Amino acid sequence: MTALTLPSPPRAAPWRKAKAIMDVILHLGAHRTGTTSLQHYLACNARRLAAQGVRAWGPRRTRNGLLTGVMPTPGVLPPERQLARARGRLALALETARAEGVQTLLVSDENMIGAARRNLRAGRLYPDAGRRMVRFARAFEGRITRLALSVRAQDAYWASVLAYAVARGHRMPDTDDLDRLVTAPRRWRDVIADVARAVPGAELRILPFEVYGGRPELFGRRVAAGPDWPDAHAREARGASPRLPALRGILAECGRDPARLPAGDGRWRPFDAAQAAALRAAYAEDMAWLRAGADGIARLMEEDRPQQTAPQAPQRSATRGRRDDGQERRMA
């Protein structure tokens, strides 16, 4: 496979001044890391943030035609023509925001790196993240200042994804399905590396769910400039996965056996103790790599972390996974 590098966009030069005036930050998710709560917080505080020069585009804006064509859809137009149209729409929207005095534009849409249901089908984390972000980098034509990616311990991440999927008709996972998730070689480190190489001109900040989950005001302070992110609406949770009683009721309504779920009223924990430990160990290895500098391709944001923290990595395996090996952040 040949290396894919991004050519300088044809209209990059006129936008250098605009980029210096307005920061464009892409919040990529991931799913099940408090993204819906964050987007609710941003919408509720739109006026307060606007007073500081901050504007947010959430899914109501990005999925209402603005980003159509960045990822090709079936139709008459070829993929490159679809991308060209999306690039034109974005250029106009960005120029409008800049002209209106926006200093920081935060674009928050977790579907930019893929879909959670696709992760389940593939049995691994965001297999197309790099390819997708190459197209988003082209669509924004070099105007992306910063990327923000939230990560979460894989046992909790997959449990939340599975609960959300089953509540929407996905079949119950069997033992082989769970084993496949546990033994998948792709980790957050791989996702981070793919994103960094796909958008080489932007800073990449990593925000652990264990620190920032349910704290959107702190998330904003770490991702965008300025300490004055409001506390209003910061504890209004949205999009949580259903608990066990709700899941049992959904299965019963759909004619499926609710007895396949355990008793109790807490969260569904589909993995056994050994599987959960293996997933937590993989996450600890990724966190150790991030704390060690992530080979210079990403920055871990762990300031002000509360008592609940990500697990520490075993010393024997702190260097697991691919290294950047000196490549200039190219997408292979």
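Each reported figure results from applying straightforward, stated rules to the coordinates on display, with no laboratory input. Computed from a predicted model, the values in this text were never measured in an experiment. Using ideal geometry, Cβ is built from the backbone for each residue, glycine included, and neighbour counts are taken over all protein chains shown.
Can you tell which of Ala298, Gly169, Ile206 lies farthest toward the positive end of the dipole of the stretch 163-303, using +1 and -1 charges on the Cβ of basic and acidic side chains (Lys, Arg; Asp, Glu)?
Result: Gly169.
Select from Leu149, Ala115, Asn64 the residue farthest towards the positive end of the dipole of the stretch 43-151; place +1 on Cβ of Lys and Arg, -1 on Cβ of Asp and Glu, and compute about the Cα centre.
The Cα lying farthest towards the positive end belongs to Ala115.
How do Ser241, Ser37 line up, fewest other C-beta atoms within 10 Å first?
Ser241, Ser37
For an R0 of 35 angstrom, estimate the FRET efficiency from the Cβ-Cβ distance between Asp272 and Arg238 and round to the nearest 0.05.
It comes out at approximately 0.70.
Starting with the highest mean, order 199-207, 157-165, 260-268, 56-64 by the number of other Cβ atoms within 10 Å, averaged over the residues of each peptide. Working shown, then result.
Values: 199-207: 19.6, 157-165: 22.1, 260-268: 13.0, 56-64: 16.3.
Put in order of decreasing packing, that is 157-165, 199-207, 56-64, 260-268.
Go through the stretch 42-56 residue by residue and turn each phi into a ³J(HN,Hα) via Karplus (6.51, -1.76, 1.60, θ = phi - 60°); whole Hz please, and just put x for glycine and proline.
4, 5, 5, 9, 4, 5, 4, 5, 4, 5, 9, x, 10, 10, 10
Direction-averaged shadow area of the convex hull around the Cα atoms of the stretch 200-270, nm²?
Averaged projected hull area, Cα only: 8.0 nm².
Using the basic label-point model (7 angstrom from Cα toward the beta carbon), what is the Asn64 to Ala225 distance in nanometres?
Placing both labels 7 Å along Cα→Cβ, they lie 2.9 nm apart.
Where Lys and Arg each count +1 and Asp and Glu each count -1, what net charge lies around Met71 among other residues with Cβ under 11 Å from its Cβ? Walk me through the intermediate numbers first.
Details: positive: Arg131, Arg132, Arg135; negative: Asp128.
With Lys, Arg at +1 and Asp, Glu at -1, the net is +2.
If you average 1/r across every pair of different Cα atoms in the stretch 115-196 and take the reciprocal, what Kirkwood value do you get, in Å? Intermediate values should be presented prior to the final figure.
On the way: mean 1/r = 0.0709 Å⁻¹.
Result for the stretch 115-196 stands at 14.1 Å.
Over the residues of the stretch 16-166, compute the C-alpha Rg and express it relative to 2.2 N^0.38 Å.
Taking the Cα Rg and dividing by 2.2 N^0.38 Å, one obtains 1.08.
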